[in-house]
Each structure stands twice: as C-alpha cells, then as structure tokens.
Amino acid sequence: MTRPMNITEKILADHAGLSEVKAGQLITAKVDITLANDITGPVAINEFNKIGADKVFDKSRVVFVPDHFVPNRDIKSAEQVKQIREFVQAQGIENFFEVGRMGIEHALLPDKGIVTAGDIVIGADSHTCTYGALGAFSTGMGSTDIACAMASGDTWLKVPSAIKVEFNGKLNKWVSAKDLILYLIGNIGVDGALYKTLEIGGSTIRELPMDGRFTICNMAIEAGAKNGIIEPDDITKEYLENRSIRPYKFYKSDENAEYERVIKFNAEEIEPVVAFPHLPENIKPVSKAGDIKINQAVIGSCTNGRLSDIKAAAEILKGRKVHKDVRLIVFPATQQIYLEALKAGYIEAIIEAGGAVSTPTCGPCLGGHCGILAAGERAISTTNRNFVGRMGHVESEVYLSSPYIAAASAILGRIASPDNL
C-alpha cells in the first residue's frame, strides 16, 4: 500500500514510473511539454547543439513562443527570433507561434490545448507555473535544463514539500483572483513558499472561473514556490473539453496527504489590495493607498490579460476618460482574446476612453518595450512583478493591482478603487 500523496506528488510519481514519491526525493521524470520564448529559446538551442543532440524528443511537444520582445523591438531581438525560426524549421517542430498567430505564452498554451491536466510542463520562463490552474505540474527551469529535456524528454528534480492554502467565502465587490494571490503573498512573503508546492483550494477557489485560477497559479513563483496547483474539477473539464489536443488526467490529493503547513483565509475579510514597490509582498488595501499619483496604467500580461480582465477594465472605462496625465496601455494576452474583446465592444470602450491597445506581447511587463518607464514615473500594472527597474528606469515605481483598480486609477490619475469614480 502506497503512502498518502498530494496532487503534485501523484503527478511526479506517475511520470517517474514510481508507485510513490515523497518530499526531498530526487527523481527523473518524463516531461509532456517543454517551452521556451524569444529570450530563453536561443540559449536553449545553443545548449542543445553543444551537447551534440540531433533531434528533439518529440516535435509536437517542444514549443517555442516568441513573446517578450515581439513584434521585434530591435535588430538583436529580430536575430533571436530568426535563430528560433531556423531551428524550428530544421527540426520540424509543430508548435511555433509567429507574430499575428502568437500570444503571451502562458495564456496561449492553455487556450490552444497544448498543455493539459496531469501534465508535467517545464519552461524556460518562471511563470510556467501558470498551468497548475489546470491540475498540471508546471515549473520554470533554466535554459540548459530545457535543452536537455528537448533532447531526451526527461528532466530531474527534487520533489517539493507542500503548503496547502484555503480561501473560503464569497468575494467582496471589486475583489478578484489577483487580490487573493497578492493577499497570500503579502501574508507569507516572497520567500514564504521557497521550492515548495502551493496547493490552493477552498470554496472561493472552487467558484472561480479558469481565468482567475490562471492568475493565481501564475503568481505562485512570486512567493518562491516551485509550483502552484489547483485541483481540477467540472470547471476545468468544461475548459478542456474540445480544447485539449491530448488525453488528460485529473489527479486529486489524498485526504490524509501530508502538508508542511495549512493556511486558511476568509475571503469575505479581503478587500482589493495594491502591492507597493518594490516587492509583491508589500500589500496595502486600496482604501489605505493614500494619494499616489500615477503616470501610466498597464492592463494585460500572462497574469491579467485574459478576456475577463479586458472586460473588467472596459466596464470601468466605458463612458469615461483616461486622466490627461496618464497613459493607459492594454495588452490582450492572445490574438483570439483580442478578437473576442473586439467583437464584444471592449476594445472600442478602451480606445474611446483614451487607452492604447497593443498586439499581444510581454513587452512592458519586463521593461522590454511598448511602455517603458522613465526616472521618477509611477505605473499601476496588472502584471506580476514590481522589482526595482522592472518596467524601466531604476528610479521608477510599479504598483501591482487587479484590472478593476488599474482601470479606475487610470481615470482618476491616482491609485483608487472604482468606488471613487
């Protein structure tokens, strides 16, 4: 009889061909998908060539999504994507997403059904942990690790210990999944789950649509977690049906599975929050933000660029105007999301309010392009990090929030709730 295991341990055990695993154990496991982007992809390709590999382990399971500096901002970024494009063509890789067909990788792969429940997904990007929302083990790794997995289809890792987090109760007005994950990080700190599984559940999470679940798992890394994961259910199944291109498997934690700690929150006590510079853990309720004037508002990214996020912003902006001293930049996370937002009238509402809408790109989130901050400027952003210099000059400031707060702040010219409109 095997020991009781949590959902992450079960996925890892199955992929390692073992009856059971436990925290701290070193394993070699089969991977379902490897992922790299236009920054990390060329490094992985160089390492792939350096180890003398001839072919990728499976041309349908090695994925490249150029999304950080695209549409290319300069010659160097154009050369990086060219190198990926040539490798893709030489290897016959099936999943490469060119400008016009691409999206921000962590929104694109789930929507295309490339990643699915029960997978092990490793990506050369820290926010690969997003796919835990589907009930997958997904984690970021270095480009060398990705290169080896591209060649062999295997990876090795240490089984993480687990923290169980429960949110229970109904969400208050203007409170979203972004507020829940910021609230969690604010409570445990940016290293509070270092190399651990964050298994997130409770009645609040069970009521969340997939968009919100992606937001929560996306930011597990901001608490230092190896992976974030949510137990799949009927909402997951509805999302995956007619979308997942491979068979999927739902794993569930055993009732008596071991956890390093269990943390419980009453969602009804949580109000919208803002993460102040320069760490995601520096949260304050928006009602106590004070008079913080902003120069820029960014709505989008792999954290909050999905259709419900664009809808939330558009509903706040409709019939109103962006403050004369504020630049509002909106980035739908994929072309499909952009198109659906266009058809629904969300894009029209944003543009009429004075916002600028861009093709999908990670650009402003990492200070890459399409919205870089100058010295002394402040931005409120629905992205995931607000480190020193994250979105531009080292003397700029980034405040993290939900789309509701970002849109309201863009109108008012200062950080505020829609209740202040």
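Observations on the model:
- Contact map, the range 70-94: residues that are free of Cβ contacts under 8 Å to residues at least 24 places away in the same chain paired with residues that are among the polar types (S, T, N, Q) and open to solvent by 30 Å² or more (accessible area, probe 1.4 Å), Cβ distance under 7 Å, separation 6+ or inter-chain. Pairs shown: Ala78/Asn72.
- Qualifying positions in the range 1-20 - in a loop (DSSP other than H, G, I, E, B) and open to solvent by 40 Å² or more (accessible area, probe 1.4 Å): Met1, Thr2, Arg3, Pro4, Gly17, Leu18, Ser19, Glu20
- When we screen Val298, Val273, Val286, Val262 for residues that are β-branched (Val, Ile, Thr), out of contact with any Leu (no Cβ under 6 Å at 6 or more places or on another chain), farther than 30 Å from Leu240 by Cα and modelled with pLDDT of 95 or more, the only hit is Val286.
- Residue within the range 178-201 that is at positive phi and of a type in the set (Ser, Thr, Tyr) present: yes
- Of the strands (runs of 3 or more DSSP E) entirely within the range 194-282, those holding at least 3 residues that are crowded, with 17+ Cβ neighbours inside 10 Å occupy 196-201, 227-229, 273-275.
- Boolean, Ala177 is small (Gly, Ala, Ser), over 19 Å from Ile33 (Cα atoms) and open to solvent by 30 Å² or more (accessible area, probe 1.4 Å): no
- Members of the range 95-122 found to be in contact (Cβ under 8 Å) with a residue 40 or more places away in the chain, part of a strand (DSSP E or B) and either over 22 Å from Ala53 (Cβ atoms) or not aliphatic (A, V, I, L, M) (or both), listed by number: Gly103
- Unmet criterion (only one of (1) in a strand (DSSP E or B); (2) surrounded by fewer than 24 Cβ atoms within 10 Å (Cβ to Cβ); (3) not charged (D, E, K, R)) for Ile84: (1)
- Selection over the range 319-334 of residues that are open to solvent by 10 Å² or more (accessible area, probe 1.4 Å) and closer than 30 Å to Ala374 by Cβ gives a count of 9.
- Hits in the range 283-298 - residues which are open to solvent by 20 Å² or more (accessible area, probe 1.4 Å), in a strand (DSSP E or B) and in contact (Cβ under 8 Å) with a residue 24 or more places away in the chain: Ile283, Lys293
- Among the residues listed as Thr155, Thr144, the single one being modelled with pLDDT under 95 and either touching a Cys at 6+ places or on another chain (Cβ under 8 Å) or open to solvent by 10 Å² or more (accessible area, probe 1.4 Å) (or both): Thr144
- So Ile411, is it out of contact with any Gly (no Cβ under 7 Å at 6 or more places or on another chain), open to solvent by 10 Å² or more (accessible area, probe 1.4 Å) and aliphatic (A, V, I, L, M): yes
- Residue within the range 147-170 that is among the aromatic types (Phe, Trp, Tyr) and outside any helix (DSSP H, G or I) present: yes
- Among the residues of the range 132-163, those identified as farther than 17 Å from Ala223 by Cβ, within 20 Å of the chain's Cα centre (by Cα) and of a type in the set (A, V, I, L, M) are Leu134, Ala136, Met141, Ile146.
- Restricting Leu400, Leu366 to those that are surrounded by fewer than 23 Cβ atoms within 10 Å (Cβ to Cβ), of a type in the set (A, V, I, L, M) and within 18 Å of the chain's Cα centre (by Cα) reduces the list to Leu366.
- Within the range 114-129, not a single residue is surrounded by fewer than 21 Cβ atoms within 10 Å (Cβ to Cβ), at pLDDT 95 or above and closer than 21 Å to Asp233 by Cα.
- Those helices (runs of 4 or more DSSP H) of the range 302-421 in which at least 3 residues are touching a helix residue (DSSP H, G or I) at 6+ places or on another chain (Cβ under 6 Å) and more than 20 Å from Thr130 (Cβ to Cβ), considering only elements entirely within it, cover 307-317, 346-353, 403-412.
- Test: residue in the range 341-360 that is under 20 Å from the mean Cα position of the chain (by Cα), more than 23 Å from Glu281 (Cα to Cα) and buried (at least 24 other Cβ atoms within 10 Å of the Cβ): yes
- Of the residues contained in the range 56-75, none is found to be in contact with a helix residue (DSSP H, G or I) (Cβ under 8 Å, 6 or more places away or on another chain), of a type in the set (Gly, Ala, Ser) and modelled with pLDDT of 95 or more.
- Count - residues of the range 59-68 that are under 17 Å from Asp145 (Cβ atoms) and assigned to a loop (DSSP other than H, G, I, E, B): 1
- Matching residues in the range 21-50 - criterion: being more than 30 Å from Asn256 (Cα to Cα), hydroxyl-bearing (Ser, Thr, Tyr) and open to solvent by 50 Å² or more (accessible area, probe 1.4 Å): none
The values are calculated or read from the model by the stated rules, or taken from the named source; none is laboratory data. The structure displayed is predicted, hence computed values, not measured ones. All Cβ positions, even for glycine, are placed from backbone atoms using ideal geometry, and neighbour counts span all protein chains on display. For accessibility, only protein heavy atoms count, side chains too; no ligands or nucleic acids. Shrake-Rupley method; radii C 1.70, N 1.55, O 1.52, S 1.80 Å.
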